[in-house]
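Enquirer: Starting off with a structure, shown below.
Read-outs: derived from the displayed coordinates by stated rules, not from any lab. Note that this is a predicted model, so its numbers are computed, not measured. For neighbour counting, all protein chains shown are included, and Cβ atoms are generated from backbone atoms with ideal geometry for every residue, glycine included.
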Amino acid sequence: MAEDDGNGNGSSKPKQTPYEEAMDALSSLITKRSRADKTNKGDRFDLLFDYVKMLDLEEPISQMKIIHVAGTKGKGSTCTFAESILRNCGFHTGLFTSPHLIDVRERFRLDGVDICEEKFLAYFWWCFERLKKKATDDIPMPTYFRFLALLAFKIFAEEQVDVAILEVGLGGKFDATNVVQAPVVCGVASLGYDHMEILGNTLGQIAGEKAGIFKHGIPAFTVPQPDEAMRVLEDKAYRLDVPLQVVQPLDANLLNGLRLGLEGVHQYLNAGLAVALCCSWLQRTGHVGITHLENTNSLPEQFIKGLATANLQGRAQIVPDKCIGINSPGDLVFYLDGAHSPESMEMCARWFSLSIKEDGQQVFSYLPHENLNSSIELVNRHLEDSARKKSTQILLFNCMSVRDPHVLLPRLMETCASHGVRFRKALFVPNTSLYYKVGSHSLPPNEVDLSWQFALQRVWENLMQTNKGGDEKTTDGVGEDLKNDDTEMCVKSGETSAVFSSLPLAIKWLRDSVQQNQSVRFQVLVTGSLHLVGDVLRLVKK
């Protein structure tokens, strides 16, 4: 519907929904300055306490029973496990994580569900308008992530959650979530090299930033860390009189035959940390009624259910493409994982390599169940197809320019190769999401700078040249070249790669390739960026 311009003439500009208006207001808080800008170290962290006062959140935050988790990788998974465990123990939970993949409301979960649009808008405008009214030159409007963290505190306070589980956005010491002065318990997930442009060039420096969430006398838990990082964590803990315990990976036998809700061997490490955090939280908040808490040989039933039903989009997620048709649901399957550090890239490669071996079983879990007979028929047909069809592996990749592809891509390629998996083709694309815009209604600009994608392509082609001498017999991919008549879709094609000017074009190329290669199943690993994973989910789930 066209908007009236006040003169009785309908303008061509469509009327925005209230949600789109909120997304535009949120977009106005995104700074044009790079996160890597050295001048924003700390970025006047003290301002956060001014914002908390403006929103009358001092008292509510001090009374919240908070679990606070930092780390390089696994912190989002740890928080997700912890939320699921405590929800299954009967508590009213609030979970704040980042980034979102499709909708900003994903960052705020109440009892395991994204906050509804109605509540989101009410809390959003209350915070936004109050801050706008009180903002001055000395205390300007908060930046994007800071506003979202403040909004999370407002939501959890008003919803009166029993427990608020907060994932640190970046670092720890100067993170917006670190306005919390008295959490119930803190956690530090696995540490590694990431965001070095901000957090430091050594594991020790990075560990120091993450340990910034430690508070005097508040217990903290971590997982086994590299020696350099562990020394710093222990030193910070000692100086703040923090009882710091190292937690081992969860023993799979404690799950009574069930599997973790989040896929991947590394998730047992995150699950172990989540269990320790929840046990500590329950004890310190006086909830000692959960049975077998002290028994290390078994887990309470609520813990097992929580660990088995936890879910987090974009981490080891498998999504068959619905556009290919229900008669062949396994012909194009996306394996999505937002890995973007060297260590998580290795774990992602391991997960992908093992998952594609179970390709048939994975696809069945996404088949419709309305008509059981037709579903069984589809399964049988897919099993027959699987026997005659070859599988080929495709990489769909992008990463931020502050990451080092000379480290990420070799880790990915070598780990896959060690499991006998070699990619037939690598596709490099820019993210669809605009960096300065929030909301699925925003469109990419007409002119896209692809210089970074060309750089990624060069790294990949060089790696493929270097590794050409490998044992070709272990390759799971298709021997002959893939047929796809439409070569105009990609901007630059290499021997084993292609650069596309947009993600939709790359997806179209994949779908066309499936149609033109009827004897092939395409298994596409999407990784390198959670933003890319979100963009793919948005396209294939429509």
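Enquirer: Could you check what % of the DSSP bridge pairs in segment 41-309 are antiparallel, to the nearest 5?
Expert: 25
Enquirer: Which ³J(HN,Hα) values in Hz, rounded to whole numbers, follow from the phi angles of segment 247-258 under the Karplus curve 6.51 cos²θ - 1.76 cosθ + 1.60, where θ = phi - 60° and Gly and Pro get x?
Expert: So the Karplus estimates, Gly and Pro as x, are 9, 8, x, 5, 6, 4, 5, 6, 8, 6, x, 7 Hz.
Enquirer: Next question, about the same structure. Would you mind checking Lys53/Lys134; Lys73/Lys425; Lys322/Lys357 for any pair whose Cα atoms are more than 18 angstrom apart?
Expert: Long pairs (Cα-Cα over 18 Å): Lys73/Lys425; Lys322/Lys357.
Enquirer: Starting with the highest mean, order 213-221, 109-117 by the number of other Cβ atoms within 10 Å, averaged over the residues of each peptide.
Expert: Packing proxy ranking, top to bottom: 213-221, 109-117.
Enquirer: What pairs in Lys75/Lys215; Lys210/Lys305; Lys75/Lys173; Lys215/Lys305; Lys75/Lys541 have C-alpha atoms more than 23 Å from each other?
Expert: Distance filter (> 23 Å) returns Lys210/Lys305; Lys215/Lys305; Lys75/Lys541.
Enquirer: Once you sort the root eigenvalues of the Cα gyration tensor of segment 200-302 as a ≥ b ≥ c, which label holds: rounded (a/c under 1.5), prolate (a/b larger than b/c) or oblate (the other case)?
Expert: Here segment 200-302 falls in the oblate category.
Enquirer: If I take every Cα pair under 8 Å that is 6 or more residues apart in segment 41-309, average their sequence separation and divide by the length, what percent do I get for the relative contact order?
Expert: Reported relative contact order: 25 percent.
Enquirer: Which of rounded, prolate, oblate describes segment 41-309, given a ≥ b ≥ c as roots of the alpha-carbon gyration tensor eigenvalues and a/c under 1.5 marking rounded, otherwise prolate only if a/b is larger than b/c?
Expert: Verdict is oblate for segment 41-309.
Enquirer: Which net charge results for the neighbourhood of Asp162, defined as the other residues with beta-carbon distances under 12 angstrom from its beta-carbon, given Lys and Arg at +1 and Asp and Glu at -1?
Expert: That works out to -1.
Enquirer: Could you work out the local net charge near Ala316, counting Lys and Arg as +1, Asp and Glu as -1, over the other residues with Cβ closer than 9 Å to its Cβ?
Expert: Around Ala316, the charge tally is -1.
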